[in-house]
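Structure first, then comments.
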Amino acid sequence: MTIIARLGDLVEFYAGFGFPNQYQGSVEGEIPFAKVSDISRALEDGGNAIYRAANYVSGEVAHKLRAKPFPTGTIVFAKIGEAIRKNRRALTTREMLFDNNVMGVRPMNGKIDIDYLFRYLDTVDFYKLANTTAVPSLRKSVLGELQIPLPPLDEQRRIAAILDKANQLRQKRRQAIALLDSLTQSIFLEMFGDPVSNPKGWPEIKLADCCASNDDIKCGPFGTQLYQTDFRTSGVPLWGIKQVNKAFRLPTREFVSKAKAKDLEIYDLLPGDLVMTRKGTVGNSAIYPANFSPGIMHSDLLRVRLDPSAAAPGFMNAQLRYSGSIAHQLSLISGGAVMAGINVGKLKKITVLLPALADQRKFESVLGRWQTAWNNYEMNLSQQDLLFSSLQYRAFSGQL
């Protein structure tokens, strides 16, 4: 028999701690001290476990900060800023400290299986539960009221095992895509060298000089131009952070009317546009696909519309993704007190390498040999994601 229970009656909540700059920078020590970025990195290999971090502290420092580690078996996630929108969760496999941008939950009283809880929370859009102030944040009181279907423990474990098996198939597809991405990077470095040292002496120019117009580098519309009430279930697609990660992998579920899209046409996305995330994990980029109809970007995206007589999108996208020099420049312009974010004016001034257009197009031609395989993997992954979402719905509505 399945009952409905409050999350607050099933779990203990854990809050992160302030992490002063003077204690950051140690790459080894007794206790990992993780940030939201460490949660993101932990998920890159397709798993859900987190057990290491970019920073470590001693037990003495932890005591001085009055920071208590989250126990093994805690589900951790971002609780403030645009990082909430990504809905990334990880499961600790050792005791760890987390900074104050992270929250955790852990089962208590033996009423809910940890894997079942993890899979259920994976279906919840935390961003919709965040408050609506200038900087979104999650509150324990709101999460505690979350309603969870609670079948007997044996049934919980059965459901979790089925979902885990289905998820493994998705992860294999993601690993194949990652291998293709590594191949693309190798081709880029072989043809153009390491952009940091620029061994071939390519010209260096500002990114804005690769565009024909000052408005070709632009971020999406803010709240005063686009409200939740403008969203539709069909129409002109509206694209956000979740859809941009090396490729436009996931279908958007947000649209605006043609009339609203006309009002926002200066924020449009066209095939061949280079699109970059400007909040949260900044700098992810992808090319708007040729087979997509024109769309509109959210405020958390940037559009770089290149002058075709100066720069090729495939080449520039690869440089933005694989250049250590550009990664360093982006880190310098994306600082923020609460969350990272790219300033458009500063982005226009970052320096890029610009080989001859013929060489750029040659790279795109070489890349094209692998593009069919890449597109097939992306298409299959999108289909698997949709099937997995359907399986999740059936699992937690008593139909599995």
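Determine the shape class of region 98-176: with a ≥ b ≥ c the square roots of the Cα gyration tensor eigenvalues, call it rounded for a/c under 1.5, and otherwise prolate if a/b is greater than b/c, oblate otherwise.
Judged from the Cα gyration tensor, region 98-176 comes out oblate (a/c at least 1.5, b/c at or above a/b).
Ranking ASN48, LEU129, ALA15 by how far each Cα lies toward the positive end of the dipole of region 1-133 (charges on Cβ) leaves LEU129 at the top. Beta-bridge orientation, the chain: approximately 85 percent antiparallel, per DSSP, counting only bridges with both partners inside. 3J(HN,Hα) along region 191-196: 7, 10, x, 6, x, 5 Hz, from the Karplus curve 6.51 cos²θ - 1.76 cosθ + 1.60 with θ = phi - 60°, whole Hz, x for Gly and Pro. Mind giving me the FRET efficiency for HIS63 and ARG394? R0 is 60 Å, r the Cβ-Cβ distance, nearest 0.05 is fine. So, using R0 = 60 Å, E works out to roughly 0.80.
In order along region 205-216, the phi-based Karplus estimate (6.51 cos²θ - 1.76 cosθ + 1.60, θ = phi - 60°) of 3J(HN,Hα) comes to 9, 6, 4, 4, 6, 8, 10, 7, 9, 5, 8, 6 Hz; Gly and Pro are listed as x.
Lys and Arg at +1, Asp and Glu at -1: add these up for the other residues within a Cβ distance under 14 Å of LEU117 and post the number.
Numbers: positive: ARG6, ARG89, ARG106, LYS111, ARG119, ARG157; negative: ASP9, GLU12, ASP113, ASP115, ASP122, GLU155, ASP164.
Combined, the nearby Lys, Arg, Asp and Glu give -1.
With contributions of -39500 (n - 2.57) from each DSSP H run of at least four residues, the per-residue ellipticity at 222 nm computed over the chain stands at -10500 deg cm²/dmol.
Please say if region 51-154 is rounded, prolate or oblate, where rounded means a/c under 1.5 for a ≥ b ≥ c the square roots of the C-alpha gyration tensor eigenvalues, and otherwise the choice is prolate for a/b larger than b/c and oblate otherwise?
Oblate is the answer for region 51-154, as a/c is 1.5 or above yet b/c matches or exceeds a/b.
Taking 0.36 nm per residue of separation and subtracting the current Cα-Cα distance, fully stretching the chain between ASP385 and THR224 would add 54.7 nm. For the chain, the longest principal axis of the C-alpha atoms and the axis of helix 357-395 are separated by about 20°. Compared with the alpha-carbon gap, the fully stretched path from THR132 to GLU95 is longer by 10.1 nm at 0.36 nm per residue. For a modelled paramagnetic label at LEU189, 7 Å from Cα along Cα-to-Cβ, the residues of region 294-332 in reach, with backbone nitrogen under 12 Å, are 322-324. At a 1.4 Å probe radius, carbon and sulfur cover how many percent of the accessible area of the chain? Here carbon and sulfur together make up 52 percent of the probe-accessible area. If you take the Cα centroid of region 306-322 and the Cα centroid of region 250-285, the two points sit 18 Å apart.
Here r is the Cβ-Cβ distance between VAL196 and ALA49 and R0 is 41 Å; the resulting FRET efficiency, rounded to 0.05, is 0.80. When you count the other C-beta atoms within 10 angstrom of each residue and take the mean per peptide, 28-38, 389-399, 157-167 line up highest first as 28-38, 157-167, 389-399.
Sorting the segments 77-84, 350-357, 181-188 by their mean number of nearby beta carbons within 10 angstrom, highest to lowest, gives 77-84, 350-357, 181-188. Surface analysis of region 89-133 yields an accessible area of 41 Å² per residue, using protein heavy atoms and a 1.4 Å probe. Using a/c under 1.5 as the rounded threshold, could you call region 211-274 rounded, prolate or oblate? The axes a ≥ b ≥ c are square roots of the C-alpha gyration tensor eigenvalues, and prolate needs a/b larger than b/c, oblate otherwise. Oblate, since a/c reaches 1.5 and b/c is not below a/b.
Taking only Cα atoms, what is the 0 to 90° angle, nearest 10, from helix 313-322's long axis to the longest principal axis of the chain? So the helix axis and the longest Cα principal axis differ by about 50 degrees. When TYR23, TYR56 are compared by accessible surface with a 1.4 Å probe, the order from highest to lowest is TYR23, TYR56. The charge dipole of region 211-308, taken about its Cα centre with unit charges on the Cβ of Lys, Arg, Asp and Glu (plus for the first two, minus for the last two), comes to roughly 360 debye.
Farthest towards the positive end of the charge dipole of the chain, among the residues ALA290, ASN100, THR224, is the Cα of THR224, using unit charges on the Cβ of Lys, Arg, Asp and Glu. Beta bridges per DSSP, both residues in region 1-129: antiparallel share near 75 percent. Residues in region 166-171 carry Karplus couplings, in order, of 5, 5, 4, 5, 5, 5 Hz; the curve used is 6.51 cos²θ - 1.76 cosθ + 1.60 with θ = phi - 60°, and Gly or Pro positions show x.
Considering only alpha-carbon pairs that sit under 8 angstrom and 6 or more positions apart, the relative contact order computed for the chain is 16 percent. May I ask which of LYS165/LYS242; LYS79/LYS206; LYS86/LYS246; LYS279/LYS362 have a Cα-Cα span longer than 26 Å here? Violating the 26 Å Cα-Cα cut-off are LYS79/LYS206; LYS279/LYS362.
Using a simple spin-label model with pseudo-atoms 7 Å out from Cα toward Cβ, ILE162 and THR351 lie 5.8 nm apart.
Computed from the Cβ-Cβ distance with R0 of 41 Å, the FRET efficiency linking ASP215 to LYS172 stands at 0.45. Helix 324-333 and the long axis of the chain differ in direction by around 70°, with both axes built from C-alpha atoms.
The values are calculated or read from the model by the stated rules, or taken from the named source; none is laboratory data. All values reported here derive from a predicted model rather than from experimental measurement. Quick reminder, even Gly has a Cβ in these numbers, built from the backbone with ideal geometry, and neighbours come from all protein chains shown. The accessibility values were calculated without ligands, DNA or RNA, using every heavy atom of the protein model including side chains. Shrake-Rupley method; radii C 1.70, N 1.55, O 1.52, S 1.80 Å.
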